[in-house]
1. Looking at residue B:96 and the list (1) of a type outside the set (D, E, K, R); (2) away from every other protein chain (no Cβ under 14 Å); (3) outside any helix (DSSP H, G or I), which single condition is not satisfied?
2. Against the condition in a helix (DSSP H, G or I) and buried (at least 18 other Cβ atoms within 10 Å of the Cβ), how does residue B:10 come out, does it pass?
3. Show the residue pairs meeting these rules: Cβ distance below 9 Å; 6+ apart or different chains; first residue within the stretch B:48-65 and closer than 17 Å to residue B:93 by Cα and within 13 Å of chain A (Cβ to nearest Cβ); second residue of a type in the set (Asp, Glu) and crowded, with 18+ Cβ neighbours inside 10 Å.
4. State whether the residues of the stretch A:71-83 include one that is part of a loop (DSSP other than H, G, I, E, B) and buried (at least 24 other Cβ atoms within 10 Å of the Cβ).
5. Within the bounds of the stretch B:27-39, is there any residue that is within 16 Å of residue B:11 (Cα to Cα) and assigned to a helix (DSSP H, G or I)?
6. Can you find a residue that is crowded, with 24+ Cβ neighbours inside 10 Å and part of a helix (DSSP H, G or I) anywhere in the stretch A:182-194?
7. I'd like to know if the stretch A:277-295 contains one or more residues that are within 28 Å of residue A:24 (Cα to Cα) and of a type in the set (Asp, Glu).
8. Looking at (1) surrounded by 17 or more Cβ atoms within 10 Å (Cβ to Cβ); (2) within 29 Å of residue B:171 (Cα to Cα); (3) small (Gly, Ala, Ser), which one does residue B:36 not meet, given that it meets all the others?
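Read-outs: derived from the displayed coordinates by stated rules, not from any lab. All figures in this text were calculated on a predicted structure; none of them were measured in a lab. No Cβ is skipped: glycine too gets one built from the backbone with ideal geometry, and neighbour counts run over all protein chains shown.
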Amino acid sequence: MKKILNDPFHYVDELLEGLVAAHPEFYRRTGIGGRVIARPGEARPGKVGIVTGGGSGHLPVFTGYVGKGLLDACAVGDVFASPSVDQMADAIRVANGGAGVLRLYGNYGGDIMNFDMAGDIVEMEDISTTTVLLTDDVASAPPAEAEKRRGVAGMVYAFKIAGAAAETGADLGEVTRIAQKAADAVRSTGVALTPCIVPQAGKPTFSIAEDEMEIGMGIHGEPGVRVGKLEPADRIAGEMIDMILKDRPIRPGDRISPLVNSLGATPPEELYILYRTVKQRIEAAGGEIVMPLVGRYATSMEMVGVSFTFCWLDEELETYLKAPAECAFWRV
Amino acid sequence: MPLTRDGLIAGLSAVADHMETVADVLNTLDGQLGDGDLGVTMVRGGREVKTVLADLPPEIGESLMKVAQAFTRVSGSSYGTLVATGLMSAAKATRGRTEVPWSEVSGLLNGAFETMKARGKAELGNKTVLDTLDAAAKATNGLDDPRAILAAARKAVAETMDRMRQTPAQIGRARIFADKSIGLDDPGMVAFAEMLKGLG
C-alpha cells in the first residue's frame, strides 16, 4: 500500500478534522464521535432539512456537498462502510428546523437499514422524515429491476436540485417530490482502469490487468458488465454513452446536463478529451446541453477511471439546478 | 397487573443473562450456515442493553426505543438490526404509556413481524425468525395472562421449528448453504426461542 496517511484507523477522523479546519465557513463537526458534518450554525427554522450519509472515500461525495443550496448534514462512515444508526439519527436531528427532514442517499443495503432505523428513532422525537434513494447506475441492474440500481455520481444532481428547492421554503412533501424527480432524471455509468485501496484493508478493492479496463464497474469495485482491453478515449466514451442511451434515449429537444466525472486519479485533461464525444453524441441526437460539469464530483479515492452522468431537465429541474449554491468543492 | 417499566427491566435482564449461557450454541449453529457470530451478537447486544436498564424512563415506548438503540450500537449484524427493528415497532405502538395490558402482546408481536418482514425483505416460509414470530403472534392472540402468553408463544415457536427443520433456507447467507440447511434449525429462530426461554 502506497498512501499518504498516519494510522489507517484514524483515516476518516483525521480527514474530517482537516476538512472543517480548512473550510469552517462551510462545515462543522458534530454528532456521535464527530461523525456528522453540518452547516455552521443552527438549522434554519421552517426550512426542510436534507441529510445524506454513506461511506467515506468518495469526496466530494457525500460530506463535501453540505452547504448553502445543497445539503444540511451528512453522517460519515468509515471508508466504504455505512455510518451507524446513531450517527444518522444525529445528522437528522441537526438538520431539523422543524419542517421535517429528507433523507437523500444512494441505494446501498447497509445505508438503507441504518437510515430507516434512524428515522424510527427520530420519529419518537416528532421529527418527520422522508426518503429518496439514488439509483442512477445503469450498469448495476437491467431496466426491469431499476429499483435495485446503485447510486453513483448522479446523486450530485439530486443534492443540488433538492437543496435548491428546500432553500425556497418548500415543504417536506414538495422537496421530496422534486428530489425524486431529480433522482428519476439521472443515468450514470462508469469505467475503471485501476482499483483503489481501502486504508484499513491495505489491499486493492479488485484486480485488473495493466492493459485492461472494466466498463460498468461500481464505485466500490463492484463487478461491471465487461472487462476488456483498454481502448482509445473516443471509443470508451462511445460505449459508456451507448449504455446510458440504451436505458433512456435522447429525444430531439431534450435538455441535458452532462457530468464527466473523474473517479479520483484521472486528470482533467483526459476528462476534456472524453467530453468532446459527450457533446457530439448529445447534439447528434438532437439534445441541447445545459450546464455541463467536468471534474472531480464523486470519486473512489485514487481509482483511475471516469463516470458519465446525464441529467434530463425540465423547466423546474433546470431552475433548481441553476440556482445559487456553495460548498468547498462546488459553486453555482 | 399490566406490563410496566419494572416488568420490562426484569424481563430484559433475564433474557440478557440467558444469552450468556447459550452464546456458544448459537455461534456453532450459525457457523454451519453463516458467519458464526450470532451468539456474539446476542451477548454483546444483551450486555449493552443491561447498561441502559437503570436509566429507562417510566414510559414503555420510550424505554423500548432506548433498548433498541443500545442493541444496534454494538451489534452490526443483520440479525441485530432486525431485533432492533422489532423493538422499535413495539416502541412506537406503546409510546407515552407507562402501562401496557398483556392482551396487546400478540399485536405487538405481529407489528414487529410486519416491520421486520418489510425491512428484511423476507417472506413467510423463507425459514427465518419471521416464521416463528408470526406463529407466536397468532398463538398469543386473545390471551391476557403473561404466563399463558409465554407458554403459548414457546409452544408455537417449537412447533414451527419442528415443522420447518427439513425445509431449505431460502433467503440470506444461509440460502447459499440451502442443501446443508435441511435438517438444521435456522439460527435466528433458535435465538428467538432462547429469548423466550430466558423469560422463564
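1. Unmet for residue B:96, out of (1) of a type outside the set (D, E, K, R); (2) away from every other protein chain (no Cβ under 14 Å); (3) outside any helix (DSSP H, G or I): (2).
2. Values: in a helix (DSSP H, G or I): yes; buried (at least 18 other Cβ atoms within 10 Å of the Cβ): no.
Criteria not met by residue B:10.
3. From residues that are closer than 17 Å to residue B:93 by Cα and within 13 Å of chain A (Cβ to nearest Cβ), the pairs are B:65/A:120.
4. Step one: list which residues in the stretch A:71-83 are part of a loop (DSSP other than H, G, I, E, B), which gives A:72, A:80-83.
Among the residues that remain, those that are also buried (at least 24 other Cβ atoms within 10 Å of the Cβ) are: A:72, A:83.
Within the stretch A:71-83 (the criterion being part of a loop (DSSP other than H, G, I, E, B) and buried (at least 24 other Cβ atoms within 10 Å of the Cβ)), the answer is yes, since at least one residue qualifies.
5. Initial filter on the stretch B:27-39 (within 16 Å of residue B:11 (Cα to Cα)): none.
No; the residues of the stretch B:27-39 include none that is within 16 Å of residue B:11 (Cα to Cα) and assigned to a helix (DSSP H, G or I).
6. Yes, the stretch A:182-194 contains a residue that is crowded, with 24+ Cβ neighbours inside 10 Å and part of a helix (DSSP H, G or I).
7. No.
8. (1)
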